[in-house]
1. Determine the shape class of segment 1-55: with a ≥ b ≥ c the square roots of the Cα gyration tensor eigenvalues, call it rounded for a/c under 1.5, and otherwise prolate if a/b is greater than b/c, oblate otherwise.
2. Per 10 Å bin, what percent of the C-alpha pairs of segment 11-152 does each bin hold, from zero upward?
3. Near the amide H of Asn85, under 5 Å away, which other amide H atoms are found, from residues 5 or more places off or on another chain, if H is placed in the peptide plane?
4. Amide H neighbours of Phe28 under 5 Å, counting only residues 5+ apart in sequence or on other chains, H built in-plane at 1.01 Å?
5. In what order do Ile34, Ile106 fall by count of nearby beta-carbon atoms within 10 Å, going from fewest to most?
6. Tell me the label-point distance for the pair Ala114, Val53, using the 7 Å Cα-to-Cβ offset, in nm and rounded to one decimal.
7. Taking only C-alpha pairs under 8 Å that are 6+ residues apart, what is the relative contact order of segment 11-152 in percent?
8. Calculate, in nm to one decimal, what Leu143 and Leu61 gain on full extension: separation in residues at 0.36 nm each, minus their alpha carbon distance.
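Please treat every number below as a calculation from the coordinates, not as lab data. Model, not experiment: these values are computed from the prediction. Ideal geometry is used to build each Cβ from the backbone, glycine not excepted, and the neighbour counts take in all protein chains shown.
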Amino acid sequence: MLKHQNNKKCPFCKAILSENFFCQSNNFVAIYNIAPILPGHCMIIPKNHTQRVLDLSDDRLSEMMIFSRKVIEILNKVFPNDGFNWTIQDGESAGQTVQHVHLHIIPRISKDLAEPGDWYPKLVESKSQESNNRTKLSEEDYLKITKTLKSIN
Ligand SMILES: [Zn+2]
């Protein structure tokens, strides 16, 4: 793997270094969320430690969206859905907690939540629980799902 600019304290840089992703393009990887708010919840992240969307060049931003579409094709084979939430919290005021750009991709299905917009409070809740184990997948389940998704592409 090529060397990328990384930040030793960043959990996403660590995930990239330990190759805990299931799909990659030249400059992006897709990783499964350790605390998924719904089945199939994953994140698209640049291989280089990049804080904000405006730090991505036009080419990189295009690559990110095109790659995301490929990731959705993979998710479609594993997680039944009829929609997706695509979301980026760009900046602390917008709820960004990890200072490394990440696009959440969340498969949706009718009536999976009481209201379609209920994914956002769940996302905030799952982030605040990252320090305790309540909503986290076990290491075993996490590796299993990553392996399954990896086998598809
Ligand atoms: Zn990083």
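1. Prolate, because a/c is 1.5 or more and a/b exceeds b/c.
2. With a bin width of 10 Å, the distribution comes to 11, 43, 39, 7.
3. Amide H neighbours of Asn85, under 5 Å, 5+ apart: Ile106, Arg108.
4. When sequence neighbours closer than 5 places are left aside, the close amide H contacts are Lys47.
5. Ile34, Ile106
6. According to this spin-label approximation, the distance is 2.9 nm.
7. 30
8. 26.7 nm
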